[in-house]
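This report concerns only the one structure given below.
The values are calculated or read from the model by the stated rules, or taken from the named source; none is laboratory data. From a predicted model like this one, the values you see are computed outputs, not experimental measurements. When we count neighbours, we look across all protein chains shown, and the Cβ atoms used for this are built from the backbone with ideal geometry, even at glycine.
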Amino acid sequence: MNLVAATLVVSLTALFIAGDACNLVPKLRWSDACLKACDTAAQYNLCAEKLQRGPEVAEVTVYAILVARLARMSYDDSVALAVRMISGGSLPGDERASYQHCIDSYATARTEIVGVTTDLTNCDFARTRREYNYAVDAMNSCVSGLKPTTALAAKSAADRDLTVVAYDLGALNARMHHGTPAKLVPALLTVYNTCQNLLSWSAPHVYIYKAPLSFNHRHHKNPQPTNQKNHLSPRIETMKFAAIAIILAMSVSVTALFMAADACKNIQSMTWSEACLNVSKTPSLFNLCGVILEHTPDTAQEVTVFARIAAESATQSYGATTDEAEKELLFGSLRAPERAAVEQCMYKMSMASGRMETVAGDIGNCQFDTTIDDYSYVLSAGESCRDALAAFPASPMVALNAADRDVTTVALDLGSLIFW
C-alpha cells in the first residue's frame with residue numbers, strides 16, 4: 001500500500017506541475033491546508049498523515065485529489081474484507097445483511113468520488129457538493145448499520161473519517177477558489193476524494209460490491225441456430241469480442257478448489273460440454289460458454305464448478321466496463337447526456353460486480369438461498385446500462401455492455417443447473 005501510495009503521489013504531482021492545475025486556487029503548504037480545512041485535532045492528524053506523503057507546497061486541488069485517491073484505495077480494501085467475511089460463511093444472518101449493506105454503500109461512495117475526482121481534475125466544481133454529500137451519507141449509512149464489535153466496524157469508521165477529511169479539503173479548495181467563507185457539505189468532498197481514487201487506480205478490477213443474480217428461464221437440451229439478427233455495427237461487434245477475450249484472459253480458475261473438497265451435496269455432475277449444451281439457447285452462447293469453461297477438466301464435475309467459474313468471469317467483465325467508464329469520464333469529451341449515461345453504467349456495473357462476487361462466494365459455500373434474486377439484480381443492471389446507452393451507439397461502452405450481458409447470460413444459465 002505504501003509503494004502504491006508513493007507512486008500515486010508522484011503521478012499526481014507530475015500531472016499538476018506539468019500543467020497549470022486550476023486557475024485561482026492558491027498554493028499552500030500541506031500543513032497549512034490541513035489547518036485551514038479541518039475542524040478537530042483528530043481530523044488534522046489524519047489529514048497530516050495523508051498529505052505528508054505529497055509535495056510540501058501545492059495547489060489545494062492537488063491535496064484534495066490525493067486524499068480522494070487514498071480514500072478510494074481504502075474503500076477497496078474494506079470491500080475486499082467484507083467479501084471475504086461473507087464468503088467465509090461464518091457470519092450470522094443479521095451481520096451478513098449489515099455487511100452486504102456496507103458493500104452497497106461503498107459502491108455508492110466510490111461512484112460519487114469518481115465523479116468528484118473527474119470534476120476536480122477538470123477544475124469543474126459545479127457538481128462536487130452533491131457528490132460529496134452522497135459519499136458522506138453512504139459511509140454514515142454503512143457505519144451506523146454495523147455492530148461495534150464486528151470486524152468491519154473499525155475499518156468502516158476509519159474510512160468515514162477519511163471521507164470527511166477528503167470533504168474538508170474539497171471544501172477548502174472550493175472556498176479558496178470561489179472566495180466564499182462557507183464550507184462545502186462534507187459529502188461533497190468525500191465523493192470527490194473517492195472518485196479520484198477510483199479513476200486513477202484501476203488495478204485488476206476489485207469492484208467487489210456484493211450481490212448475487214437470479215433467473216427464471218426455460219433451458220433447452222438441444223439449442224438450435226436462430227435467425228435473430230445482431231444489431232451491433234461491425235466495429236462494435238469487433239470491440240465486443242475483443243472485450244470478451246480480455247475478460248476471459250483475466251478469469252480465475254476455481255476447478256482445483258472444488259476438486260480438493262467435496263463440493264456440494266445433491267448437486268448433479270456433468271462435463272463442461274454437456275453443461276453448455278444443456279443451457280445454451282444459441283450457438284453463439286454455446287461457444288462463449290465453451291470458451292469460459294475450456295480450462296476445466298474434461299471429466300464430469302459438479303455443476304457448481306461451472307457456475308462459479310462463470311460468475312468469476314462475469315465479475316471481471318463488469319470490472320473492465322467500469323474501468324472504461326472511468327476513463328471516459330476522466331479523459332473523454334462527453335456532453336451532459338452521454339456523461340449521465342456513462343455514470344449510470346459505471347454505478348450499475350459496480351453494483352453488479354459486487355453482487356456477482358456474492359454469487360461466487362455463496363456457491364463456494366453451497367449456500368443458494370439468495371442466488372436467484374442476486375442473479376436477477378445483475379441481469380437488470382446490465383439492461384439498465386444498455387438502455388442508458390441506447391442514444392449513444394458510437395460509445396465504446398456499448399460493446400462492453402453487450403459483452404457483459406452475454407457473459408451474464410452464460411453465468412445465469414450455468415447457475416440454473418444447480419436448481420435442476
- line: Note on the stretch 25-81: residues of a type in the set (Gly, Ala, Ser) and in contact (Cβ under 8 Å) with a residue 40 or more places away in the chain are Ala33, Ala37, Ala42, Gly54, Ala58, Ala64, Ala68, Ala71, Ser74, Ser78, Ala80
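Matching residues to (1) more than 24 Å from Asn278 (Cβ to Cβ); (2) in the same structural domain as Ala109 (by TED's automatic domain parsing); (3) out of contact with any Phe, Trp or Tyr (no Cβ under 6 Å at 6 or more places or on another chain):
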residue	(1), (2), (3)
Met349	yes, no, no
Asp362	no, no, yes
Asp374	no, no, yes
Val378	no, no, yes
Phe392	yes, no, yes
Asn401	yes, no, yes
Asp413	no, no, yes
query: For the stretch 348-380, what are the residues that are touching a Cys at 6+ places or on another chain (Cβ under 9 Å) and under 30 Å from Val116 (Cβ atoms)?
result: Lys348, Met349, Ala352
task: Among the residues of the stretch 135-151, write down those that are surrounded by fewer than 23 Cβ atoms within 10 Å (Cβ to Cβ), in a helix (DSSP H, G or I) and not polar (S, T, N, Q).
output: Asp137, Val143, Ala151
- request: Just give me the residues in the stretch 33-65 being hydrophobic (A, V, I, L, M, F, W, C) and touching a Pro at 6+ places or on another chain (Cβ under 9 Å), in sequence order.
  value: Val60, Val62
- request: Could you tell me whether the stretch 38-45 includes any residue that is within 20 Å of Ile113 (Cα to Cα), at pLDDT 85 or above and either part of a helix (DSSP H, G or I) or among the charged types (D, E, K, R) (or both)?
  value: yes
task: Inspect the stretch 315-326 for any residue being at pLDDT 90 or above, surrounded by fewer than 17 Cβ atoms within 10 Å (Cβ to Cβ) and either touching a helix residue (DSSP H, G or I) at 6+ places or on another chain (Cβ under 8 Å) or in a helix (DSSP H, G or I) (or both) and give the result as yes or no.
output: no
task: Among the residues of the stretch 286-303, count how many are farther than 23 Å from Phe368 by Cβ and under 30 Å from the mean Cα position of the chain (by Cα).
output: 7
